[in-house]
Amino acid sequence: MELYGGVIYPAVLVACAILALAGVGTMVQVRAHRVLEKAVTGFWIVTAIQVLSVLIVLIRGNDAGLVLTLGYLLAAVLLLPLLGIGRLGEPDAAALDPDPNRPVLQPDQIARVDGGAAVIVAIAAAVLAWRVFVILGS
Amino acid sequence: MPPIGRLLLIVAYGVLGLAAAGRSVVQISTRLSEAPVPYLVSGASAALYVLIAVALWRGWRSVALWGTGVELVGVLTVGTLGYVRPSWWPDETVWTGYGSAYGWVPLALPIVALVVLLRATRPDAVAD
């Protein structure tokens, strides 16, 4: 538990902050999209480490509610695919969909959508990490 | 509808739908008898968020418009009743305090969505 509270949880919050900053940067300056892509990759890794560490804490024995904790972990994982939602607007992806209402985005629009999504996901992930931290009883 | 705004609204409604669904599933499955009205309102709000996200993705503009309108009325009604008739609400819902537990996002989001949707339906709006 000390490892989670002292290392993993702060690392998740730092990763959320980096993701949010990279998202804002991308919305302001599209060239920052490359930085955001690296931040997203790092965020997937940090989230995986977070999930594993919380599972280890639960397996070792903790008074935290199992359903609630696993629910928050599941939510943290389910947020991740939203980080790549801009790709759904790529012309190649849209061409495969018969839906005429499917949005088709230019590269700069894809970058801005990814940036905005990163900010939203970063805030939500930080709240989830905080809730797990509270539930685990630190 | 502007594609960037549309996709970001889908993300926002997806995240809020996830949060509300998780909360209401736990509340309804474990403590429904303690506070049926608040927990069912939370469940209804979760279903509404998911419906709006799907409607925005599929391009069902009228469904999205009606959904966000209902959502805004719901937030304002539940938020106001929480102060006027607190005895009716033994526990909090997603919309209690105008969504204060969620950073007032439940109040701000339908307003933003309605602005985006209504601007897109104006005759002089630029097509997607």
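The values are calculated or read from the model by the stated rules, or taken from the named source; none is laboratory data. What you are looking at is a predicted structure, and each value in this text was computed from that prediction instead of being measured. Note: ideal-geometry Cβ built from the backbone for every residue, glycine included; neighbour counts use all protein chains shown. We work out accessible area using only protein heavy atoms, side chains counted, and drop any ligands, DNA or RNA first. Shrake-Rupley method; radii C 1.70, N 1.55, O 1.52, S 1.80 Å.
Could you tell me which of the residues A:48, A:76, A:64 is within 17 Å of residue A:18 (Cα to Cα) and open to solvent by less than 20 Å² (accessible area, probe 1.4 Å)?
Working: A:48 fails: open to solvent by less than 20 Å² (accessible area, probe 1.4 Å); A:64 fails: within 17 Å of residue A:18 (Cα to Cα).
Criteria check complete, one pass: A:76.
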Would you mention how many residues in the stretch B:37-48 are open to solvent by less than 60 Å² (accessible area, probe 1.4 Å) and in contact with a Pro (Cβ under 9 Å, 6 or more places away or on another chain)? 2
Mind listing whichever residues of the stretch B:118-128 are among the hydrophobic types (A, V, I, L, M, F, W, C) and modelled with pLDDT of 85 or more? B:118
Could you pull out the residue among B:24, B:62, B:42, B:29 that is touching a residue at least 12 places away in the same chain (Cβ under 8 Å) and within 13 Å of chain A (Cβ to nearest Cβ)? B:24
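Do we have any residue at all in the stretch A:91-114 that's under 30 Å from residue B:26 (Cβ atoms) and open to solvent by 50 Å² or more (accessible area, probe 1.4 Å)? Reasoning before the result, please.
Step one: list which residues in the stretch A:91-114 are under 30 Å from residue B:26 (Cβ atoms), which gives none.
For the stretch A:91-114, residues under 30 Å from residue B:26 (Cβ atoms) and open to solvent by 50 Å² or more (accessible area, probe 1.4 Å): absent.
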Looking at the stretch B:60-118, which of its residues are exposed (fewer than 14 other Cβ atoms within 10 Å of the Cβ), within 18 Å of residue B:10 (Cβ to Cβ) and of a type in the set (A, V, I, L, M)? B:111, B:115, B:118
When you look at residue A:36, is it surrounded by 13 or more Cβ atoms within 10 Å (Cβ to Cβ) and either touching a strand residue (DSSP E or B) at 6+ places or on another chain (Cβ under 6 Å) or within 14 Å of chain B (Cβ to nearest Cβ) (or both), yes or no? no
Inter-residue pairs, beta-carbon under 6 Å, first facing chain B (nearest Cβ under 7 Å) and in the stretch A:98-113, second hydrophobic (A, V, I, L, M, F, W, C), 6+ apart: A:109/B:4; A:112/A:27; A:112/B:4; A:113/B:4; A:113/B:7
For the stretch A:80-94, which residues satisfy the criterion of being within 10 Å of chain B (Cβ to nearest Cβ) and closer than 16 Å to residue A:37 by Cα? A:81, A:82, A:83, A:85, A:86, A:88
